[in-house]
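The values are calculated or read from the model by the stated rules, or taken from the named source; none is laboratory data. Keep in mind it's a predicted model, so treat the numbers as computed, not measured. Don't worry about glycine lacking a Cβ; one is built from the backbone with ideal geometry, like all the others, and counts go over all protein chains shown. Ligands, DNA and RNA are stripped out before the accessible areas are found, and what is left, the full protein with its side chains, is counted by its heavy atoms. Shrake-Rupley method; radii C 1.70, N 1.55, O 1.52, S 1.80 Å.
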2 protein chains.
Amino acid sequence: MRCLLFMRKPKHVRKAELKETIQNNPFITDEALATSFNVSIQTIRLDRLELGIPELRERLKDVARQHHDEVKALTDEEVIGEVIDLQLDETAISIMEIREEHVFTRNGIARGHHLFAQANSLAVAIINDDFVVTGRANVRFSKPVRATERVVAKAKVTAQDDKWTTVIVESYVDQRRVFTGEFNMARGHQD
Amino acid sequence: MRCLLFMRKPKHVRKAELKETIQNNPFITDEALATSFNVSIQTIRLDRLELGIPELRERLKDVARQHHDEVKALTDEEVIGEVIDLQLDETAISIMEIREEHVFTRNGIARGHHLFAQANSLAVAIINDDFVVTGRANVRFSKPVRATERVVAKAKVTAQDDKWTTVIVESYVDQRRVFTGEFNMARGHQD
DNA sequence: CTACTATTAGGACCTAGTCATAGAAATGCG
DNA sequence: CGCATTTCTATGACTAGGTCCTAATAGTAG
């Protein structure tokens, strides 16, 4: 019978925990893992080998690379969502996929400002002018949206004078309307 | 007189370029830098020393750490901005600093949805209920906000019945109002 | 010529690993 | 119980991408 007091976890348990530990702390060295799991460094290395987990430096490189790409993606992103159709000063359509980070952890429903962001940036994009800012917006969230759903936003210019453009944006998930917004956009310079 | 053809750049020029090169490509090794600047590895190391630039691995660690923190901040962030005062179902105040990534690169003005996000999430936070989603919102962006400015959002509950709560949010930069919004928030379950 | 800066070279050491080999300990099973 | 098999540990040789320190050389200015 095995010693109950100092009994080690069986291999597959350790490996599962190892994987998790490294996942939410990629900065940990084999040495630290060895002491924390109370096995030798070599054991940790064998485990990593079997699990296909790269060494600390490679992990850091990966995280850093990700960061680099993401930062670029975020700052380049003048429009939230992917624009799939655009007729300047007429109509525009964009698609945004709702992911885990967009929803409230408590109820799994997308935070309103993400739908707003998609609609607002589409309203900016549709306008054929270098200087555009949102002046007013009147929005309605008619149905909750959940993770993994794809939101299709359709924008239409409904009115225009020398300083203001009115854009109506309606967003759908599977033909069901989830969001409606009227945006009054200011064009040309200064406030 | 110095050789005009294979003349090297003077030290201070190389150092300036080195700094820039490393900044927008932290993944480069001293060796690669040495060949690209056509000097020895040791020279690069001396330069880094003088410029206080850490070695490749430390740079990667820094970038990875940043990333890690940011991701945590984003996913933990149930409220956009920092809540500095909160009386449930009464008033709340949050502060958000506008950074480069919040503004349009073309005109340096903050994208509307960031101000909306701050106000909207404050409207959610102020309500003393587990289930809250935004139903309607009527917002106005009265003055453009620019990078480095700190936006103070003040929320106030103005009406409440068994299903709906109305929250008025007004945001200021240095006492100047930049945003006003009326949010109709739905409480309790289901749509 | 000398003083000085800039550059290069070399060696010892470091970390956090790699890979391969060998031996020890624990466990399963007839 | 003994023996096989799995699992773990130990050891040594090697790597990248550095650190730190010392020393030599090249070029330039006074």
| task | Scan segment B:52-69 for residues that are more than 10 Å from DNA strand D (Cβ to nearest atom) and either at pLDDT 90 or above or facing chain A (nearest Cβ under 9 Å) (or both) and report the count. | result | 9
| remark: Restricting segment A:23-44 to residues that are polar (S, T, N, Q) and in a loop (DSSP other than H, G, I, E, B), the one modelled with the lowest pLDDT turns out to be A:24
| note | Checked segment B:150-162 for anything surrounded by fewer than 18 Cβ atoms within 10 Å (Cβ to Cβ) and in contact (Cβ under 8 Å) with a residue 40 or more places away in the chain; matches are B:150, B:154, B:156, B:160
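Condition test on residue B:48, is it within 10 Å of another protein chain (Cβ to nearest Cβ), within 16 Å of DNA strand D (Cβ to nearest atom) and modelled with pLDDT of 90 or more?
Details: within 10 Å of another protein chain (Cβ to nearest Cβ): no; within 16 Å of DNA strand D (Cβ to nearest atom): yes; modelled with pLDDT of 90 or more: yes.
Answer is no for this residue.
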| Scanning for something more than 13 Å from DNA strand D (Cβ to nearest atom), at pLDDT below 90 and within 14 Å of another protein chain (Cβ to nearest Cβ), does segment B:10-22 turn up at least one residue? | no
| message | Looking at segment B:163-183, can you tell me whether even one residue there is within 19 Å of residue A:114 (Cα to Cα) and either in a loop (DSSP other than H, G, I, E, B) or open to solvent by 40 Å² or more (accessible area, probe 1.4 Å) (or both)? | response | yes
| task | Could you please let me know if residue A:78 is within 14 Å of chain B (Cβ to nearest Cβ) and either modelled with pLDDT under 85 or farther than 30 Å from residue B:185 by Cα (or both)? | result | yes
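Each row is one residue, and each column tells you yes or no for (1) farther than 24 Å from residue B:144 by Cβ; (2) of a type in the set (A, V, I, L, M, F, W, C); (3) within 16 Å of DNA strand C (Cβ to nearest atom).
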{"residue": "B:40", "(1), (2), (3)": "yes, no, yes"}
{"residue": "B:47", "(1), (2), (3)": "yes, no, yes"}
{"residue": "B:82", "(1), (2), (3)": "no, no, no"}
{"residue": "B:99", "(1), (2), (3)": "no, no, no"}
{"residue": "B:106", "(1), (2), (3)": "no, no, no"}
{"residue": "B:110", "(1), (2), (3)": "no, yes, no"}
{"residue": "B:115", "(1), (2), (3)": "no, yes, no"}
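Filtering segment B:97-146 down to residues that are of a type in the set (S, T, N, Q) and surrounded by fewer than 17 Cβ atoms within 10 Å (Cβ to Cβ), which residue is farthest from the other protein chains (Cβ to nearest Cβ)?
Step one: list which residues in segment B:97-146 are of a type in the set (S, T, N, Q), which gives B:105, B:107, B:118, B:120-121, B:128, B:134, B:138, B:142.
From the residues that got through so far, the ones that are surrounded by fewer than 17 Cβ atoms within 10 Å (Cβ to Cβ) too are B:105, B:107, B:128, B:138, B:142.
On the way: B:105: 8, B:107: 6, B:128: 14, B:138: 5, B:142: 8 Å.
Among those that are of a type in the set (S, T, N, Q) and surrounded by fewer than 17 Cβ atoms within 10 Å (Cβ to Cβ), it is B:128.
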| task | Please work out which residue is nearest to the chain's Cα centre (by Cα), limiting yourself to segment B:23-64 and to residues that are surrounded by fewer than 16 Cβ atoms within 10 Å (Cβ to Cβ) and basic (Lys, Arg). | result | B:57
